[in-house]
Protein chains: 2
Amino acid sequence: MNVADLFHHPPLALLASAGDAERLPFQMLAVFGCAKLLAEAAQRLRMPGVVGGLAAGILIGPSMFGWVQYDGLLHAMAELGVMFLLFQVGLEVRATELVRVGKVALLAAVLGVALPFAAGWAIMTAAGHPQIESIFMGAAMVATSVGITAQVLASKGVLSHRTAQVILAAAVIDDVLGLLVLAVVSSMARAGGLDWAGLATSTLVSVVFIAAVVKYGSRTAGLVVPRLTRSLRVDEAEFAVAVTFLFVMALLAAYSGVAAIIGAFLAGMALAETASAHLHTLVRGAGELMVPFFLASIGLQLDVSVFQSGSTVLLGLVILAAAVASKWIGCGLGAAALGWKDASRVGAGMVPRGEVGMVVAQVGLKAGAITQPVYGVAVFMAVMTTILAPPVLSFLYRDVPASEAPQARLELG
Amino acid sequence: MNVADLFHHPPLALLASAGDAERLPFQMLAVFGCAKLLAEAAQRLRMPGVVGGLAAGILIGPSMFGWVQYDGLLHAMAELGVMFLLFQVGLEVRATELVRVGKVALLAAVLGVALPFAAGWAIMTAAGHPQIESIFMGAAMVATSVGITAQVLASKGVLSHRTAQVILAAAVIDDVLGLLVLAVVSSMARAGGLDWAGLATSTLVSVVFIAAVVKYGSRTAGLVVPRLTRSLRVDEAEFAVAVTFLFVMALLAAYSGVAAIIGAFLAGMALAETASAHLHTLVRGAGELMVPFFLASIGLQLDVSVFQSGSTVLLGLVILAAAVASKWIGCGLGAAALGWKDASRVGAGMVPRGEVGMVVAQVGLKAGAITQPVYGVAVFMAVMTTILAPPVLSFLYRDVPASEAPQARLELG
């Protein structure tokens, strides 16, 4: 099953081993250039462009050509990329719209956490894995990574469709639930008692943080930011204020226990009503540079060499199928009030696990709770759910008109 | 002299030691936020904004608060920042204008390399340092880092002034000369014979590369890029093509022995005549995000703790004075044909040594050719020449009207 060896030493791989001065431009070119080239190819095949970015990571990563290692720099660029992606999405979304769909989103998030956890745990237990390993696989299947879905919906211009609002709101709630699940299973792996007080505190902090930003963020930002921007003399003052605010919110989110990208999303949302068209375009420029690194990073983390035995391959496929079905059905049932067509869109939008699932698997691996093959299966599940979603979403939204194509709006100012 | 210890443990320093999830947003916020805050302060004090970015690096770096370490990530972000900076500058410059000032620029570059080398060597020899150390200090004083000057001239809207053209052309030639000097002194440090054939080849390759891009770049890009952009379906195709081209040229430049940023500058110049206003704004967005990291990186590399003895302090100040005077006078004499006022502008614009001087010092340190205190002096010289230049340039260009403020042009499209 290990195709990596076949590709590992092409002439171009020599470039990657070149001196210090060449390494950075080479990495940038390999990731950015391949992501854009394959995005073009994907669009010509009538698939969303993100598929190309994801495929680029697999192509240049350890699974195929091995030109690029997923190192600290690419990890940081990927994180910045997904922060800017969610910030851009936030700029297109109003907090009031998210609050309106709150109940449906809450139900979708809860069922979309419960079913995947149960499915992962049951399959692993049935396959004879230890209890703690089964629990960790369940936990890795819980958390949704909303970045890819957001990118697909934004590029189709359907971010203001009610299903997009439900997906975004559910993703925020899902992140809080994922934090809880990870805290519980981590303490189980450490074999110590669960710190209930600490857990309650961090839940409260994260919920209060999110609720405060959703409720008061736009109003406060609307009062402060334009006045601040006007009073500044620095070049591109609005961009300087917005990006500083983005990093402040990402940091606060990380401190309160939720993902930095949730902070980035909330920051964008708080600025949505005051941001100028010029700010949109500048942020888009930064995003266009960084987002390909996020997309490619997903594929770069896939390593097919873990699939050495038939039973691991089988486990990987069963877990993948369960991860897709349980999330789709769980979130879909939660959003059933929208009718089956929209419920199905919400379910499909929540399927990608991306980097969030991988973080859980890494915690389990470091704690010795899961073995290397099971870690590989979890990463495979996280990557493949992310790759499968864009074409499915593109199909499910084929008859939704682009109500307000963000790109067109930006260019017209 | 070591002020670092006084500041190293403020409450905020605790933030930097936080968990993995917080580290990236913290680093980003510390660098970007401080750079913008101090840029605002600098502009209110009627100094160029870049001074604030440089000061931010000193403030948050090892010399003062120690909140941020200059690690691999910040180094890469800084390199990307200066690549985008030079790419943006290139977009404002036509190759024909550079060729027109070629002779003056060549003379300025040659004298601006010879005098600093001689001055550095003479001072170190007079101070009783070993021959190889004296030669390395001379070499570290040779190479100009044009990024800061370019940023100051761009923000003043005087990039089309003839002195700006001379500075940019001279900086490109200076980079080739610096490559030669570094190759020669490196081989001396290795105590092996000089590889004359290799040196001749790499010189020829770099000169041919630069000449080919300057002569045929715009014409070729003018034919290929618009057609390619129109035929692509990927989002923001022009940006995708331009940034891929930027990384290709940076990589080719690095392979041919010159700095990646020279490649970035040539890439921008090749696209100058075909780039749309929308591309300018997108590139500006990416640059606005990355450039503060370049500015701060200069100050982050300063570590005042090397100045433990009075003799090192004295050496540092003498070397700094010589570095400023020799470059200013050398380049000024070379550009004497422009009249003393413009010659003085060219000389001042070439004073910053920035990251290029530091690279030479690092090579010397690794090869064991220079001691730690002398390395510290070289870094101090590189940082301080860079910090001193912007206010001086701002003063020298005070009566040059912004012929074509790039910013205004961009916004009006």
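Descriptive notes on the structure:
- Distance histogram in 20 Å bins (all Cα pairs of segment A:70-412, percent per bin): 32, 58, 10, 0
- Span from the segment A:118-140 Cα centroid across to the segment A:334-382 one, whole angstrom: 13
- Label spacing, shortest first and in nm, from B:Trp340 to its equivalents in the remaining copies (7 angstrom along Cα→Cβ): 9.0
- Inter-chain shielding of B:25-38 (mean C-beta neighbours from other protein chains, 10 Å cut-off): 6
- The loop-placed trypsin sites (Lys or Arg not before Pro) in segment B:161-215, going by DSSP, that have at most 15 neighbouring Cβ atoms within 10 Å of their Cβ come out as B:Arg190.
- Cβ-to-Cβ counts within 10 Å put A:Thr144, B:Thr203, B:Thr163 in ascending order as B:Thr203, B:Thr163, A:Thr144, the fewest first.
- In plain terms, the bigger the Kirkwood radius, the slower the diffusion; for the protein assembly as shown, with that radius from Cα pairs, at 37 °C and 0.692 mPa s, Stokes-Einstein puts D at 118 µm²/s.
- Integer Hz, Karplus 6.51/-1.76/1.60 couplings in order for segment B:85-99, x for Gly and Pro: 4, 5, 5, 4, 5, x, 4, 9, 10, 9, 4, 4, 5, 5, 5
- Chain B residue with Cβ closest to the axis mapping B onto A, distance in whole Å: B:Gly285, 1
- 7 Å along Cα→Cβ, label-point gaps from A:Pro226 to other copies, nm, shortest first: 3.9
- Per-residue ellipticity at 222 nm computed for chain A from its helices equals -24500 deg cm²/dmol, with DSSP H segments shorter than 4 residues left out and the rest contributing -39,500 (n - 2.57).
- Averaged over the residues of peptide B:249-257, the number of Cβ atoms from other protein chains lying within 10 Å of each residue's Cβ is 5.
- The local environment of B:Thr274, defined by Cβ-Cβ distances under 13 Å, has a net charge of +2 under the rule Lys, Arg +1 and Asp, Glu -1.
- Nm distances between copies for B:Leu314, ranked from closest, using label points 7 Å along Cα→Cβ: 8.2
- In loop segments of segment A:71-143 as defined by DSSP, the trypsin sites (Lys or Arg not before Pro) with at most 16 further C-beta atoms inside 10 Å of their C-beta are A:Arg94.
- Residue-averaged beta-carbon neighbours from other chains (10 angstrom radius) around A:67-73: 2
- Neighbourhood charge, 10 Å Cβ-Cβ cut-off, centred on B:Val146 and excluding it, Lys, Arg +1 and Asp, Glu -1: -2
- With 24 Å as the limit, the listed pairs A:Lys36/B:Lys156; B:Lys36/B:Lys366; A:Lys366/B:Lys366; A:Lys103/A:Lys341; B:Lys103/B:Lys341; B:Lys103/B:Lys215 have A:Lys36/B:Lys156; B:Lys36/B:Lys366; A:Lys366/B:Lys366 beyond it between alpha carbons.
- Positive end of the dipole of chain B (Cβ unit charges, origin at the Cα centre): among B:Gly376, B:Ala109, B:Ala76, the Cα lying farthest that way belongs to B:Ala109.
- Exposure proxy shown here: for B:Asp174, A:Asp175, A:Asp303, the number of other Cβ atoms within 10 Å sets the order, fewest to most, as A:Asp303, A:Asp175, B:Asp174.
- Segment B:279-350 - Debye-derived log10 I(q)/I(0), Cα point model, q = 0.12, 0.28 Å⁻¹: -0.62, -1.06
- Here the Karplus curve 6.51 cos²θ - 1.76 cosθ + 1.60, taken at θ = phi - 60°, turns the phi angles of segment A:372-382 into couplings of 4, x, 5, 4, x, 5, 5, 5, 4, 4, 5 Hz, with x standing for Gly and Pro.
- Taken over the Cα atoms of segment A:349-404, the convex hull encloses 70 Å³ per residue.
- Shape box of segment A:173-330 [Cα atoms, principal axes, largest first, Å]: 64, 40, 29
- Under 11 Å, Cβ to Cβ, from B:Ser297 - net charge with Lys/Arg +1 and Asp/Glu -1: -3
Bear in mind that the values in this text are calculations on the coordinates, not laboratory data. Here the structure is a predicted model, which is why all the values come from computation and not from measurement. Quick reminder, even Gly has a Cβ in these numbers, built from the backbone with ideal geometry, and neighbours come from all protein chains shown.
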